[in-house]
Amino acid sequence: MSSTARPGTGPGPGPGLGAQPGPGVQPGPGANLAVLRGHNAALVLGLLRDAGEGGISRLELAAQTGLTPQAVSKITARLRADGLAAEAGHRASTGGKPRTVLRLVPGARRAIGLHLDRDELTAVLVDLAGTPLGRRTVPFDFGAGAEEAVAVVGGEVEALLAGADGGRTGLLGAGVAAPGPLDHGSGVLRRVTGFPRWDGFPLRDALAERLGLPVVLDKDTNAAALGLTVGRARQRAAGPFPAGSFAYLHLGTGLGAGLVLGGAVHRGARTGAGEFGHQVIQLDGPPCGCGDRGCLEALCLAAVADGDPARAARLLGVGAANLVRLLDIDRVLLGGRVVLAAPEPYARGVAETLAADAARAGGRTVPVDVVGRGGHAVVEGAAQLVLAPLFAVG
């Protein structure tokens, strides 16, 4: 399976996959059968990935997708022919011959994830299972300008691939996570907080031309949220795991949120959702890099600079409580280098603020967790910008 996308348009989700209906969509008169077949293949591929090395039988695939056994057999035959699936042995049957078990072949395809932070660039190469095969982190000056930034990214990708077996073989594309605001659909940066001169720059297309690869661009927080969504799917496959909605709050060189509502990343109609740090919570407060005053980001970063994580955590908790009341989310996840440097006071401070707000409102207390992927949630999530459509995720 090779990507047929033009540079800058993002990789196609797989053989026969185009714009896809969501799960449970029924074909109507004149439905595009190629699209439906592609969507079904993505569902099967996602179940193969979630099953892990133990694999899953065709009958189980049919039961979990609602497809007929014949349709599943055709899909898995194509996946095997493309090298994406393979037999993983046999499973004892309660009657008749043992069932053949299939598994994903993680090394069949690969993707690059890039995290362009304001002062640091991280690049990762992952297989289809999302397992990192190589990683590089270097200093990066987001304010140096577009030409230099694109050149640095290109050099790091070349170095990453040079240090990995196989070079560009099976490479689907690159997912890029950058500070917002930006337009995910067009791949264009907007007035990035603190770096307004990026406004209108077509970063996705510029990187696609430099890398010679399909590129997908999204906000850093959205990328992390997408990666965490994939992780939740795997945990649900292994046993009970709460579905629903969550907010990923990222406190690092800036402050933003990735929102997952109804199991999918919520970007908004103009892909501007998640500008969490720029809610004004103190009228006539200190100036913020966005041009406003009293923004949550400015207040949190000031507390961090003052060496007061307890105050920063309370402020973060106030913002989280606003989100919980507004969106009725099920869980709050914390990440970013500032949080990960002192996870306990941040988790405690946000949880206490949420609990106090819930008590005042007579509502439920929303659980708070620190992400378990260390400092790699964003860059590994960036790689999922390329991979997730293959598995009907996102």
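The values are calculated or read from the model by the stated rules, or taken from the named source; none is laboratory data. What you see is a predicted model, and the numbers here were worked out from it, not measured in a lab. With ideal geometry, Cβ positions are generated from the backbone for all residues, glycine too; neighbour counts draw on all protein chains shown. The area values use the complete protein model at the heavy-atom level, side chains included, leaving out ligands, DNA and RNA. Shrake-Rupley method; radii C 1.70, N 1.55, O 1.52, S 1.80 Å.
Odds and ends about this structure:
Quick grid of which residues meet (1) of a type in the set (A, V, I, L, M, F, W, C); (2) within 29 Å of the chain's Cα centre (by Cα); (3) over 26 Å from LEU172 (Cβ atoms):
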| position | (1), (2), (3) |
| --- | --- |
| GLU53 | no, yes, no |
| LYS74 | no, no, no |
| LEU79 | yes, yes, no |
| PRO98 | no, no, yes |
| ARG103 | no, yes, no |
| ARG110 | no, yes, no |
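- Filtered residues of the stretch 170-196 (kept if without any contact (Cβ under 8 Å) to a residue 40 or more places away in the chain and either in a strand (DSSP E or B) or in contact with a His (Cβ under 7 Å, 6 or more places away or on another chain) (or both)): VAL188, LEU189
- Flag for VAL150 being at pLDDT below 95, within 26 Å of ARG270 (Cβ to Cβ) and of a type in the set (A, V, I, L, M): no
- The stretch 204-233, subset in a helix (DSSP H, G or I) and small (Gly, Ala, Ser), residue modelled with the lowest pLDDT: ALA233
- Residues (open to solvent by 20 Å² or more (accessible area, probe 1.4 Å) and in contact with a strand residue (DSSP E or B) (Cβ under 9 Å, 6 or more places away or on another chain)) located in the stretch 342-351: PRO343, GLU344, ALA347, ARG348, ALA351
- Some residue of the stretch 267-280 being basic (Lys, Arg), in a strand (DSSP E or B) and open to solvent by 10 Å² or more (accessible area, probe 1.4 Å): no
Rundown of residues vs (1) touching a Cys at 6+ places or on another chain (Cβ under 8 Å); (2) exposed (fewer than 14 other Cβ atoms within 10 Å of the Cβ); (3) over 22 Å from ALA164 (Cα atoms), yes/no style:
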| position | (1), (2), (3) |
| --- | --- |
| ALA71 | no, no, yes |
| LEU79 | no, no, yes |
| GLY83 | no, yes, no |
| VAL105 | no, no, no |
| GLY113 | no, no, no |
| LEU121 | no, no, no |
| PRO132 | no, no, no |
| THR137 | no, no, no |
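- Condition met for GLY163 (in contact (Cβ under 8 Å) with a residue 24 or more places away in the chain, open to solvent by 40 Å² or more (accessible area, probe 1.4 Å) and more than 17 Å from LEU385 (Cβ to Cβ)): yes
- Residue, farthest from VAL101 (Cα to Cα), within the stretch 36-86, restricted to residues that are among the β-branched types (Val, Ile, Thr) and in contact (Cβ under 8 Å) with a residue 24 or more places away in the chain: THR65
- Complete set of residues in the stretch 190-210 that are within 20 Å of ALA383 (Cβ to Cβ), within 21 Å of the chain's Cα centre (by Cα) and of a type outside the set (Asp, Glu): LEU203, ARG204, LEU207, ALA208
- Cross-chain or 6+ apart pairs with Cβ under 7 Å, the stretch 250-265 first and farther than 17 Å from VAL318 by Cα, then outside any loop (DSSP other than H, G, I, E, B) and open to solvent by 20 Å² or more (accessible area, probe 1.4 Å): GLY252/ARG337; GLY252/VAL338; LEU261/LEU327
- All of VAL304, VAL324, VAL339 fail the test of being open to solvent by 30 Å² or more (accessible area, probe 1.4 Å), in contact with a helix residue (DSSP H, G or I) (Cβ under 8 Å, 6 or more places away or on another chain) and either β-branched (Val, Ile, Thr) or touching a residue at least 60 places away in the same chain (Cβ under 8 Å) (or both), apart from VAL304.
- Qualifying residues in the stretch 35-48 (those that are buried (at least 18 other Cβ atoms within 10 Å of the Cβ) and touching a Pro at 6+ places or on another chain (Cβ under 8 Å)) - the one nearest to LEU128 (Cα to Cα): ALA42
- Within the stretch 281-328, considering residues that are among the aliphatic types (A, V, I, L, M) and in a loop (DSSP other than H, G, I, E, B), the one nearest to PHE246 (Cα to Cα): ILE281
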